[in-house]
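Here is the structure we will look at.
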Amino acid sequence: MKGIIYSLTALVMMAPSVFATEIETRSLDELYAAAIAEGGELVLRAGGDKADQADYYLNMFKARFPKIKLSHSVDLSFYHASRYDNALEKGGAADVPDILQLQTLHDYDYYAERGLLESYKPKNWDKVYPDYKDPHGHWTGLFGVSQ
């Protein structure tokens, strides 16, 4: 189910992957149906400094995909990354979120080097600016700020 729900959010998830990734071709409705069939649960850890910081896009997600059971928390990326590292060190999957959304891009390089990021290229991958994605599909930016 993780690959399917990750597809819905167009984010990169945590899991080992060594193979090249094809660009997703399924529609959101197809991905949603497959996610429901596989249990329909999603755990998100979002980087930020306010508990309600992710509410605006999570509310849109919940409205679009009401059958997905979504649980989330917002905290500084440093703390989410540390918790993820600790969970991996303990060897259990219980504390490992489906999505780890960090504001600290260097963490993605760290996890990619260790083979801890699943490769995923969402539909329209070719339209995402190169600076906002990993060429191997290990991560994709959710927000971008230009100056």
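The values are calculated or read from the model by the stated rules, or taken from the named source; none is laboratory data. Nothing here was measured: the structure is a model prediction, and the numbers come from that model. Surface accessibility is based on the protein's heavy atoms, side chains included, excluding ligands, DNA and RNA. Shrake-Rupley method; radii C 1.70, N 1.55, O 1.52, S 1.80 Å.
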If you check Lys133, Lys67, Lys90, which single one turns out to be under 28 Å from Thr25 (Cα atoms), open to solvent by 50 Å² or more (accessible area, probe 1.4 Å) and not acidic (Asp, Glu)?
Lys67
Counting only residues that are assigned to a loop (DSSP other than H, G, I, E, B) and farther than 18 Å from Val43 by Cα, which one in region 119-130 is most open to solvent (accessible area, probe 1.4 Å)?
Tyr129
Across region 29-40, the tally of residues that are open to solvent by 90 Å² or more (accessible area, probe 1.4 Å) and not in a helix (DSSP H, G or I) stands at 1
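Given the structure, is Leu105 within 16 Å of Ala46 (Cα to Cα) and open to solvent by 80 Å² or more (accessible area, probe 1.4 Å)?
yes
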